[in-house]
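A.B. asks: First, the structure itself, so that you have it in front of you.
The numbers here are math on the coordinates, done by the rules we state, and not lab data. None of these values were measured; they are calculated from a predicted model. All Cβ positions, even for glycine, are placed from backbone atoms using ideal geometry, and neighbour counts span all protein chains on display.
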Amino acid sequence: MRTDFTEEQRADPDIAESEKILRKCTHCGFCTATCPTYLLLGDELDSPRGRIYLLKNMLASGTAPSAEAVKHIDRCLSCLACMTTCPSGVNYMHLVDHGRRWIEQTYRRPWSERMLRRMLGTVLPQPALFRLALRAAALAKPLLPVLPGSLKPMVALAPPKIPVSAPAERERVHPAAGERRMRVALLPGCVQPVLAPEINAATIRLLTRHGCEVVIAARSGCCGSLNHHLGQEREALARARANVDAWEHERAAGGLDAILANASGCGTTLKDYGFMLREDRAYAEKAAAVAALARDVSELVSGLGLGAPAANPGRGLRVAYHSACSMQHGQRLHKLPMTLLAQVGFDVVEVPEGHLCCGSAGTYNLLQPDLAARLRDRKLANLASTRANLVATGNIGCISQLAGASEVPVVHTVELLDWATGGPEPPALKRYKGRGRNRAGTSHDSPSAAAPTMLGSSHPAAPAASRSPAAPSSTQATVIGSWPSSEPAA
Ligand code: SF4
Ligand code: SF4
C-alpha cells in the first residue's frame, strides 16, 4: 500500500512503525474471508482491508477521525483472524492498537461513551472495584428493562452470584510437590480471579503437582490489555511497568523459568510487552526480557509431561475445544491445548467455524452488544453441533461470554487437566449436574438416564440459536442424564 507520511510525521516512532505495516499490505483482500464483522455486516469498511484504509487515512491526516471512521474501527474485535489469514505478514494488531490510541487522543466521543469507557478502564482492571461493581450489578438486575442502554449489557452479563476468592491465591509462594523442577510466576489477572477464582486455583494445583514452584509476585496484577484495547495508553503502560517491576524483583530474588498467563488475552499482551515499551529507555530491555519469558500455561504444561491420566474421572467425556482468538490468532497456539486434553483421556472435538470470534473480545461485548450477541449465538450453535458434553477454552472472556447462554458447562482447559491428574472436579461441572438434577427431579446416574453418552444423543441436537426458550431445561436434563454413571452424585 502506498503511503505518503511527511518526514515530520515519520519522526514519531508510532507513525514510522505503522507506515512499515501499511506498506506490507497488497490489498489482496484474503483477510476479508475470515473477518467476523465483514461476515456479519458485509461492508468493506467493516473488513480488515477497509479498516486498514481508514487507519491509513486517519494517521496520514494528522487530525481527528470522522465519526464514521471511528464507528468502523470500534466495530473491530481485535480478534486477529485477519493476521492468521494474511499472506503478506501485515501486523494488523500493532496498527489497530495505534489507531485506537490515536482515536482516544484526538477524537471527542459523546459524553455517555466517554464515561462508559472510562468506567470500564478503571473498574475492570482492579479486582476490588470490579467485585463491588458486580455486587451493584446483581442488585440492579430487576431494573434491567428500565436501565440506560449503555448499562444494560454490563448488568445482563453480571453473574447472579459472585464466587468467594480461592484461598490458594492469597498465598504468594506455592511450593512444588516433591522435587522442584521449575520456578514460575503466574499473572494473577484482574477480572478472572473475581469471576472464576477456580481457574488460578486449578492452575496452581496442576503446576505444583508437576514440580513447579508457583509465585504470585507482589504488586503484579492486570496485564494492561483492557486499557490497551480501549486506547488508554497511559494506564496500559503503567500496568505493564508495574508487572515488569514485580517480575524483575522475583527474577532477582529466586530466578524465574517462565511467566505464565492462563487467560490467552493476557498472554498475548505479555508477549507484546517488549514492543509496547520499546520506546521507554528505563523499561525496554526489562520488558523484552519479560516478553521472552511469557508463556501460556498450556505451553509450559506440555513440557512437563502430565501424570496419572489413567485415573481421569472424566475420561471419555466429549470436549468441544473453543480456540480463543487470542490463543489461536494472537499466540498461534491451537492444537497444543487440544493435544493435552486428549493426552489425559478426553475425547476432544474441534468446532465448526472455529476461527470465528465468540464476541467476547475484552470489553467488546459491553461496547458492541448487538454484534457480540450475534457472534455468541453463532458460536453456540456451532458448539451444539459437536454434541459435546462440555466446552473447554483458555480465556476467561470466552467463558463469561458463552457460559451464561450455553446448554453445557464451559470450563477452562487447566481445570480439566487438573481434574484429570488428581484435582477436584471443576465447579462448573458440579453446578451443572446439581442444576440438572433439581430441574429433572432425578439423579444423573439413575439407570434410565445413564444410557446416552453425548449431548443430544436421545434427541437430535438443534443449533442453540434455533431452540425455543423452553427447550434448554429439558435438554439439560438429558445432558445431565448423559453424564458417566461412575461420577458420584454432587
Ligand atoms: S490479506 Fe493482508 S495484504 Fe491482503 S488485504 Fe488483508 S491485510 Fe492486506
Ligand atoms: S481483528 Fe478481527 S474483526 Fe478486526 S479486522 Fe481483523 S478479523 Fe476483522
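A.B. asks: Let's see if you can work this out: charge +1 on each Lys and Arg Cβ, -1 on each Asp and Glu Cβ, no other charges. What is the dipole magnitude of the range 7-106 about its Cα centre, in debye to the nearest 20?
C.D. replies: Details: 11 positive and 13 negative charges, 55 e Å.
The dipole magnitude comes to about 260 debye.
A.B. asks: With Cβ to Cβ distances under 14 Å as the rule, what net charge do the other residues near G265 carry (K, R +1; D, E -1)?
C.D. replies: Values: positive: R239, K271; negative: D97, D272, D296.
Surrounding charge for G265 is -1.
A.B. asks: So what are the ³J(HN,Hα) numbers for the range 245-260, from phi and the Karplus equation (6.51, -1.76, 1.60; θ = phi - 60°), rounded to whole Hz, Gly and Pro as x?
C.D. replies: With the stated coefficients, the range 245-260 comes to 4, 4, 7, 4, 4, 5, 4, 5, 6, x, x, 9, 8, 6, 10, 10 Hz.
A.B. asks: Further question: Work through the residues other than L59 whose Cβ is under 9 Å from its Cβ and net out their charges, Lys, Arg +1 and Asp, Glu -1. Please list the in-between numbers first.
C.D. replies: Values: positive: K56; negative: D14, E19.
Net charge around L59: -1.
A.B. asks: Less than 14 Å Cβ to Cβ from G330, Lys/Arg counted +1 and Asp/Glu -1: what total charge do the surrounding residues give? Before the final figure, lay out the partial values.
C.D. replies: Working: positive: K271, R295, R332; negative: D97, D272, D296, E299.
Cβ neighbours under 14 Å give a net charge of -1.
A.B. asks: Using the Cα centre of the chain as the reference point, and only Cβ charges (+1 on K/R, -1 on D/E), how large is the resulting charge dipole? Debye, rounded to the nearest 20. Display every interim value, and only then the final one.
C.D. replies: Details: 55 positive and 43 negative charges, 190 e Å.
Rounded to the nearest 20 debye, it is 920 debye.
A.B. asks: Can I ask one more? With θ set to phi - 60°, apply the Karplus curve 6.51 cos²θ - 1.76 cosθ + 1.60 along the range 418-431 and write out the HN-Hα couplings as whole Hz, x wherever there is a Gly or Pro.
C.D. replies: 3J(HN,Hα) across the range 418-431, in whole Hz: 5, 4, 5, 10, x, x, x, 5, x, x, 5, 5, 4, 4.
A.B. asks: Please provide three numbers in whole Å: the alpha-carbon extents of the chain along the principal axes, with the largest listed first.
C.D. replies: Over the chain, Cα extents along the principal axes are 76, 55, 44 Å.
A.B. asks: Within the chain, which cysteines find no other Cys whose Cβ is under 4.7 angstrom from their own?
C.D. replies: Within the chain, the cysteines lacking a partner Cβ under 4.7 Å are C25, C28, C35, C76, C86, C212, C358, C398.
A.B. asks: Let me ask another. Are there trypsin sites (Lys or Arg not before Pro) in the range 291-365 that DSSP puts in a loop and that have at most 12 other Cβ atoms within 10 Å, and which ones?
C.D. replies: On the way: sites: R295, R315, R318, R332, K335; in loops: R315, R332.
For trypsin sites (Lys or Arg not before Pro) across the range 291-365 that sit outside H, G, I, E and B with at most 12 neighbouring Cβ atoms in 10 Å, the list reads R332.
A.B. asks: From the cross-link list K71/K335; K141/K433; K379/K433; K20/K286; K161/K271, which pairs have alpha carbons spaced over 28 Å apart? Write out the running numbers ahead of the final one.
C.D. replies: Values: K71/K335 35 Å; K141/K433 25 Å; K379/K433 23 Å; K20/K286 25 Å; K161/K271 33 Å.
Pairs exceeding the cut-off: K71/K335; K161/K271.
A.B. asks: Another question, then. Skipping prolines and chain starts, which residues have an amide H placed within reach, meaning under 5 Å, of the one on E213, given they are 5 or more residues away or on another chain?
C.D. replies: HN-HN under 5 Å from E213: A176, R181, M182, R183, V184.
A.B. asks: Within the chain, which is the longest segment that contains none of the GluC sites (Glu not before Pro) sitting in a DSSP loop with at most 16 other Cβ atoms within 10 Å? Walk me through the numbers before you get to the answer.
C.D. replies: Numbers: sites that count: E171, E179, E279, E353.
Result for the longest clean stretch: 1-170.
A.B. asks: Alpha carbon centre of the range 359-403 versus the range 192-240: separation in Å?
C.D. replies: Their Cα centres are 21 Å away from one another.
A.B. asks: In addition: Inverting the mean 1/r over all pairs of different Cα atoms, compute the Kirkwood radius of the range 155-278 and quote it in Å.
C.D. replies: After inverting the mean inverse Cα-Cα distance, the result is 15.2 Å.
A.B. asks: Using DSSP to call loops (not H, G, I, E or B), can you name the trypsin sites (Lys or Arg not before Pro) in the range 77-134 whose Cβ has at most 15 other Cβ atoms within 10 angstrom?
C.D. replies: Filter output for the range 77-134: R108.
A.B. asks: Could I ask something else about it? So what is the 222 nm mean residue ellipticity for the chain from helices alone, if each DSSP H run of at least 4 adds -39500 (n - 2.57) and you divide by all residues, rounding to the nearest 500 deg cm²/dmol? Display every interim value, and only then the final one.
C.D. replies: Working: 26 runs with 245 residues, N = 490.
The helix-only estimate for the chain comes to -14500 deg cm²/dmol at 222 nm.
A.B. asks: Between the range 103-119 and the range 1-67, what is the separation of their alpha carbon centroids in Å?
C.D. replies: Distance between centres, Cα-based: 22 Å.
A.B. asks: Further, regarding this structure: Counting DSSP beta bridges in the chain, what percent are antiparallel, to the nearest 5?
C.D. replies: On the way: 2 of 22 bridges.
Of those bridges, close to 10 percent are antiparallel.
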